[in-house]
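S.K.: Mind having a look at this structure? Questions to follow.
All of the numbers you see were taken from the coordinates with simple rules; none came from a lab. Predicted model only: the values in this text are computed from it and were never measured. With ideal geometry, Cβ positions are generated from the backbone for all residues, glycine too; neighbour counts draw on all protein chains shown.
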Amino acid sequence: MLRFILRRLLITIPMVLVVVSVTWGLIRLAPGNFYTGEKPIPPAIEKNIRERYGLDKPWYVQYGRMISNTLHGDFGISLKYQGEPVNRILKNALPVSATIGVLAYLLALAVGIVSGTLAALRQNSNLDYTSMAAAMIGISLPNFVLGPTLVLFLSLTWYVLPPALWGGPRHLILPVITLSGVYMAYIARLARSGMLEVLRSNYIRTARAKGLAERHVLIRHALRGGLLPVVSFSGPALAFLLTGTVVVEKIFALPGLGNYFINANLNRDEPLIIGIVAFISIVVLIFNLMVDIAYGFIDPRVRY
């Protein structure tokens, strides 16, 4: 297991460099740049700008400098937010996205596992049909519909919760519910299918034949195998939640990574785009590694 972990960690660096390289190439292939607008600027000013940011150098020199900065963990100064280092922007925006993401994931995990497990235990009952119908609605209802709907009723009609901005605990409720809706639905369906498969297996039948209480059969034996699909889904889902969600942060005006990422793309802020993409790549690879390690603890057969 230790050799497997070290091997995966060593692969992380080349993978991040590949993702960053593709992103850098796409930025350069896209038309326009960060200093052009509706009105053309004088050639002398354009020449000074290109010299200031090193854009007058050959492409391989610029690419080598970008790779060197990425390896050193220093992504330079943002082109849009003058004087702001990219690392400082990441440091300030990450707590916002991480707070919303972790709370949304915990809510989705709790509701999804409970509803999916109960649906599997009472297959083809009214509870099963109701929970799976609600899950299907949750999957079909996108964030950009659910968020404004919650704001319309809970903030603008009944004045229960604040509609936007980053403030106290009450400001977290609507973004967390909006963000967790689709993940709650996916986890419920995955938990139901996984539990149905495990409950029909031979070792569960043997545990029941030995006289174990149904509660012990469910908690000590069935849940470990039944939640493996949820564990697989949780790795990339949690990485995506922690690194910012564009739609939710835009709807509720949250200063998270997703909001910065959209603004960086609109303004062709190359250092900020590279920094966010590199950070997201590292987080995704680390969480996928954590999922693989968790598999070994949940199911001993995976260790072999």
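S.K.: Using the Cα centre of region 86-303 as origin and beta-carbon charges of +1 (Lys, Arg) and -1 (Asp, Glu), tell me which of Val283, His216, Val102 is placed farthest towards the positive end of the dipole.
M.R.: Highest projection toward the positive end goes to His216.
S.K.: State the extension gain, in nm to one decimal, for the chain segment bounded by Arg7 and Ile219, taking 0.36 nm per residue of separation less the distance between their alpha-carbons.
M.R.: 73.0 nm
S.K.: Normalise the Debye intensity by I(0) for region 90-206, one equal point scatterer per Cα, no solvent, then take log10 at q = 0.14 Å⁻¹ and round to two decimals.
M.R.: Debye output, listed in q order: -0.67.
S.K.: Would you mind listing how long region 188-304 runs along its three principal axes, going by Cα atoms, in whole Å with the largest first?
M.R.: The Cα atoms of region 188-304 stretch 66, 33, 16 Å along their principal axes.
S.K.: I'd like to know how the chain sits against the 2.2 N^0.38 Å rule of thumb: what's its Cα Rg over that expected value?
M.R.: So the chain has a normalised radius of gyration of 1.24.
S.K.: Further question: What's the tally of Lys pairs in region 1-151 whose alpha-carbon atoms lie under 22 angstrom apart, where the two lysines are 8 or more places apart or on different chains?
M.R.: 6
S.K.: Okay, moving on. In whole angstrom, how far apart do the alpha carbon centroids of region 89-105 and region 219-256 sit?
M.R.: 13
S.K.: Let me ask another. What are the extents of the Cα atoms of region 1-58 along their three principal axes, listed from largest to smallest and rounded to whole Å?
M.R.: 61, 20, 15
S.K.: What helices does the chain hold that run 18 Å or longer along their axis, going by alpha-carbon atoms, with a Kyte-Doolittle average of 1.0 or more, using DSSP H for the helix calls?
M.R.: Answer set is 2-29, 86-121, 170-199, 228-242, 270-298.
S.K.: With the contact rule set at Cα under 8 Å and sequence spacing of 6 or more, what percent relative contact order holds for region 86-303?
M.R.: 29
S.K.: Where does the charge balance sit around Gly275 when Lys and Arg score +1, Asp and Glu -1, over other residues with C-beta under 15 Å from its C-beta?
M.R.: Result for the neighbourhood of Gly275: +1.
S.K.: Is there a quick way to get the dipole size of the chain? I mean about its Cα centre, with the Cβ of Lys and Arg at +1 and of Asp and Glu at -1; what is the value in debye to the nearest 20?
M.R.: 940
S.K.: Here's another thing I want to ask about it. What's the extension gain from Ser193 to Leu55 if we count 0.36 nm per residue and subtract their Cα-Cα distance?
M.R.: Length gained, Ser193 through Leu55: 44.3 nm.
S.K.: Moving to a separate point now. Mind giving me the nanometre distance, one decimal, between the label points for Tyr159 and Phe144, set 7 Å out from Cα along Cα→Cβ?
M.R.: 3.1
S.K.: Suppose R0 equals 22 Å; then what is the FRET efficiency for Tyr63 and Asn87 from their Cβ-Cβ distance, rounded to the nearest 0.05?
M.R.: 0.60
S.K.: Rounded to the nearest 0.05, what FRET efficiency do Ile41 and Asn263 give with R0 = 25 Å and r taken as the Cβ-Cβ distance? Could you check?
M.R.: Computed FRET efficiency for Ile41 and Asn263 comes out at 0.70.
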